[in-house]
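What follows draws every value from the coordinates through simple rules; no lab data is involved. What you see is a predicted model; the values in this text were computed from it and never measured. With ideal geometry, Cβ positions are generated from the backbone for all residues, glycine too; neighbour counts draw on all protein chains shown.
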Amino acid sequence: MNRMLSIAWKEMIQARRDRLTMGMMVGIPIIQLLLFGYAINTDVRNIATVVYDQDHSEESRGFVRRMEATGFYDVVGHVKSYEEIGIALRSRDAMVALVVPPRFGAEVEAGRAAQLQLVVDGSDPQVVASATDTAMSLAAARSSVLTIERLQRLGQPVSAPTQVIALEPATWYNPDLRTAVFIVPGLVGVILTMTLVMFTAMAIARERERGTLEQLIVSPIRSGELTVGKILPYIAVGYLQMTLILVVGSLVFDVPIVGSIPLLYLLSVFFIAASLAVGLFFSTLAKTQQQAMQMSFFFLLPNILLSGFMFPWEAMPAPARWLSTILPLTHYLRVIRGIVLKGASLAELSSELVWLAGLTLVLIIVVSMRFQKKLG
Amino acid sequence: MSDPVVVEGLSRSFGTLVAVSDVSFRVHRGEIFGLLGPNGAGKSTTLRMLCGILDPSAGRATVVGFDVAKEPERVKQNIGYMTQRFSLYEDLSVEENLNFYAGVYGLRRRERRARIPAELERAGLTDRRDQIAGTLSGGWKQRLALVCATIHEPPLLFLDEPTAGVDPVSRREFWAHIHRIASAGTTVIVTTHYMDEAERCHRLAFIFRGSLLDIGTPTEIIKRRNIRVAVITTSNVGRAVDLLTPYPSVDEVAPFGDRLRVATLDAVDPIALAREVLGQSPGVLDAREIVPNVEDAFVAMVHSEARAGAGS
Ligand SMILES: Nc1ncnc2c1ncn2[C@@H]1O[C@H](COP(=O)(O)OP(=O)(O)OP(=O)(O)O)[C@@H](O)[C@H]1O
Ligand SMILES: [Mg+2]
């Protein structure tokens with residue numbers, strides 16, 4: 001009994017001395033709770049929507065207003081062609097587009113059936129259902145109102161309303177709404193985040209722990225040479241992992257690669273660099289490999305939950321979305337899903353690349369300020 | 001040519017702890033200079049400041065002509081440093097370790113190809129070239145660490161307790177090697193706890209609680225303490241220690257098996273004193289005066305420091 005208590009007592013002292021572990025013991029439950037609470041919310045609201053209005057009537061504007069009033073759609077712009085709808089969806093400026101045909105208002109006025117089209121980005125299957133269901137019920141509700149009004153105007157008895165406004169949903173990209181198609185490209189990003197951040201975070205802590213760091217910093221090597229030399233092999237590791245996942249994904253799960261593979265490999269370097277920079281940043285904080293590992297796991301949590309990997313980014317409240325913009329994965333998911341699923345072009349992904357490059361730059365500056373060839 | 005190491009009033013604190021306090025010394029070219037001091041004296045801290053990897057809190061040090069605080073990178077190009085824990089990559093082979101350090105020190109591929117086999121041969125490591133460094137015994141690890149620290153042929157070499165955990169034979173070989181390096185013109189600064197090693201240095205500096213107590217050749221240092229030492233055989237060692245210790249002129253009484261080593265201050269005759277104090281019982285059965293060594297000088301210095309500390 002005494003012996004057991006001695007062990008427990010020693011364990012408590014050690015845990016208390018290790019500030020990082022203590023912090024995590026308290027921090028992890030709270031942060032997990034917040035992250036999950038924010039993330040696991042699949043009723044998507046404020047879906048970015050563009051309108052392709054070929055009619056410009058009172059009726060078409062009214063329909064758009066009613067869509068916005070539901071809170072599900074957030075009209076972010078107007079486009080003038082199907083081509084522009086494609087651009088908006090691929091660059092992820094919007095996930096939904098409402099297409100109003102010419103003479104829509106006039107047809108409806110005349111009591112004839114008219115058809116609206118709702119184009120939805122199918123690359124995130126969780127968004128599709130919410131987006132179409134709401135628009136469908138809006139169309140049905142408006143149809144009844146119009147029918148009743150017209151019949152009353154004509155002095156006829158109100159009978160069963162006919163569907164004046166029909167809504168035709170069209171799913172672009174991943175039309176079968178297969179989850180694998182959505183998950184596999186995202187997995188590339190998650191796995192790269194996990195391995196690259198952890199490997200680099202541990203790389204310098206390992207030298208520190210084994211006492212070889214002192215021998216290194218006493219040499220004339222420059223900090224830049226040391227840090228870049230450390231991460232160089234992991235860039236190759238990153239590409240290897242990416243290739244493996246994409247090959248297995250397309251062979252086993254039949255995930256098509258719509259866009260340009262060279263473009264994907266070229267742009268992935270932005271994300272790999274950002275992940276390695278995060279790892280280096282952790283390695284300047286961590287004294288031991290264990291701490292480096294803890295930090296990396298801790299970092300992985302918000303990446304999985306908030307980046308849009310599992311749960312629709314659109315469904316998250318604003319604070320969670322702000323937080324997610326500083327995670328490299330959030331931006332890379334848009335890049336890789338954009339290229340693999342939608343065939344996005346360089347120009348359509350430029351804002352995500354600017355984010356990734358910016359994050360990398362900031363981290364590199366912080367790392368080079370923190371990493372000095374000095375002891376204590 | 002000016003001295004490769006010039007230290008003036010060097011100090012370093014960690015929070016409230018003063019690890020090195022106002023240390024000044026010079027090391028001449030081609031000299032083996034020993035830093036001697038007990039655990040925590042500040043030896044490693046001093047070396048780290050001289051290597052440019054730890055900033056001094058006060059004072060200055062010039063190493064191979066460069067200020068360690070202002071131009072640490074210039075210093076680093078001209079020194080070799082073997083850390084207190086041999087900093088080898090335990091998962092790399094002997095040759096891979098050497099190759100790595102040669103590369104880090106900027107040796108070109110061609111130079112490396114010529115020098116590495118030669119260095120391995122010289123250190124007797126050729127047969128073990130493919131052995132994983134982690135599986136080497138202490139003595140071999142130390143040899144490899146030394147070769148790694150000197151692969152770029154630095155004019156100045158810092159060795160922090162290079163022989164800790166190494167057997168006596170290997171230590172002798174190691175010191176023979178250090179002397180060879182020094183006679184070829186390399187300056188060596190070495191820290192140690194071992195008094196026999198201290199005596200192999202050209203000059204010594206005693207560091208105690210961060211302060212420099214004395215500096216000079218081993219003979220000078222011993223002479224300055226003005227001590228005399230005798231080995232005495234007595235019938236009851238424990239009793240003799242109790243009787244001798246309180247005498248103010250007795251610096252230290254240390255039992256060695258059935259004999260006593262008595263050190264006296266101010267050139268008091270240790271044998272005469274022992275005969276007087278021990279009388280008939282336990283008595284002095286046999287006595288022989290010996291030449292004091294660095295260890296005696298060191299102990300005397302620490303004791304006098306402790307007395308001065310208690311007095312103030
Ligand atoms: N990074 C540090 N942070 C806080 N205190 C330190 C640090 N480095 C050294 N010290 C303290 O400074 C003092 C001198 O340490 P130093 O390592 O220089 O002693 P040393 O003479 O090399 O001892 P040893 O023979 O045990 O190696 C010690 O009290 C030590 O605890
Ligand atoms: Mg030391």
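Observations
- Among beta bridges that DSSP assigns inside the protein assembly as shown, antiparallel share in %, nearest 5: 55 percent
- Here region A:133-222 is treated as a Stokes sphere of Kirkwood radius computed over C-alpha pairs; at 20 °C and 1.002 mPa s its diffusion coefficient rounds to 108 µm²/s.
- Mean-position separation - Cα centroids, region B:16-81 and region B:144-204, in angstrom: 17 Å
- The angle separating the long axis of helix A:350-370 from the principal Cα axis of greatest extent in chain A is about 20 degrees.
- Mean-square fluctuations from a GNM of chain A, with a 10 angstrom spring cutoff on Cα atoms, peak among A:Asp74, A:Asp55, A:Asp121 at A:Asp55.
- With contacts taken as Cα pairs under 8 Å at a separation of at least 6 residues, chain B carries a relative contact order of 18 percent.
- Expressed in Å, the radius of gyration and Dmax of the Cα atoms of region A:293-350 are 12.5, 38.
- Rg followed by Dmax, in Å, when region B:13-63 is reduced to its Cα trace: 11.4, 37
- Lys/Arg +1, Asp/Glu -1 at C-beta; the protein assembly as shown dipole; positive extreme among A:Phe36, A:Thr179, B:Phe174: B:Phe174
- Residues of region A:7-41 with amide N under 11 Å of a point placed 7 Å along Cα→Cβ from A:Ala318: none
- Cα long-axis angle, helix A:261-285 against chain A (0 to 90 degrees, to the nearest 10): 50 degrees
- Size descriptors for the protein assembly as shown, from the alpha-carbon set: Rg then Dmax equal 38.9, 143 Å.
- Mean projected area (nm²) of the alpha-carbon convex hull when region A:47-172 is viewed from all directions: 7.3 nm²
- Under 5 Å, built H, 5+ apart or other chain: amide partners of B:Ser13: B:Ala19, B:Ser57
- Label-point separation, A:Tyr239 to B:Ile132 (7 Å along Cα→Cβ), nm: 3.0 nm
- Theoretical ellipticity at 222 nm over chain B - DSSP helices of four or more residues, -39500 (n - 2.57) apiece, nearest 500: -11000 deg cm²/dmol
- Rg to Rh, two decimals, where region B:211-312 supplies the alpha carbon set and Rh follows Kirkwood: 0.99
- Net +/- balance of residues flanking A:Ile47 in space, Cβ distance below 9 Å, scoring K and R +1, D and E -1: -1
- Along region B:217-222 the Karplus relation, 6.51 cos²θ - 1.76 cosθ + 1.60 evaluated at θ = phi - 60°, assigns HN-Hα couplings of 6, x, 4, 4, 5, 5 Hz to successive residues, with x for each Gly and Pro.
- Pairwise FRET efficiency - A:Glu84 versus B:His28, Cβ, R0 = 56 Å, nearest 0.05: 0.10
- Among B:Thr16, B:Thr163, B:Thr135, residue whose mean-square fluctuation peaks in a GNM of chain B (springs only between Cα atoms under 10 Å): B:Thr16
- Fraction of antiparallel bridges per DSSP, chain B only, in percent to nearest 5: 65 percent
- Entry note, chain A: relative contact order of 20 percent, from Cα contacts under 8 Å with a spacing of 6+ residues.
- Between the Cα long axis of helix A:58-69 and the first principal axis of chain A there is an angle of about 40°, rounded to the nearest 10.
- In terms of its C-alpha gyration tensor, region B:70-167 has an oblate overall shape, because the principal axis ratio a/c (a ≥ b ≥ c, square roots of the eigenvalues) is not below 1.5 and a/b does not outweigh b/c.
- Based on the convex hull around the alpha carbon atoms, region B:5-217 presents an average projected area of 11.4 nm².
- Kirkwood-based shape ratio for chain A, expressed as Rg/Rh from alpha carbons: 1.12
- Between B:Arg239 and B:His179, residue separation times 0.36 nm minus the direct Cα-Cα distance comes to 17.2 nm.
- Net charge of Cβ neighbours under 15 Å - reference A:Thr288; Lys, Arg +1; Asp, Glu -1: +3
- As a length-normalised measure over Cα pairs under 8 Å and 6 or more apart, the relative contact order of region A:166-248 settles at 48 percent.
- Computed from backbone phi, the HN-Hα couplings of region A:238-246 come to x, 5, 4, 4, 4, 4, 4, 5, 5 Hz, rounded to whole numbers (Karplus: 6.51 cos²θ - 1.76 cosθ + 1.60, θ = phi - 60°; Gly and Pro given as x).
- Around B:Ile227: net Lys/Arg minus Asp/Glu count, Cβ-Cβ under 14 Å: -4
- Student exercise, chain B dipole from Lys, Arg, Asp, Glu Cβ charges, in Debye to nearest 20: 760 debye
- For region A:178-370, the Cα gyration tensor yields ellipsoid semi-axes of 30, 17, 16 Å (square root of five times each eigenvalue, largest first, whole Å).
- For region B:121-222, Kirkwood radius (reciprocal of mean inverse C-alpha pair distance, Å): 15.0 Å
- For the residues A:Val119, A:Val99, A:Val145, a GNM of chain A with alpha-carbon springs under 10 Å puts the largest fluctuation on A:Val145.
- Classified by the C-alpha gyration tensor, region B:1-89 has a rounded form. Its axis ratio a/c, with a ≥ b ≥ c, is below 1.5.
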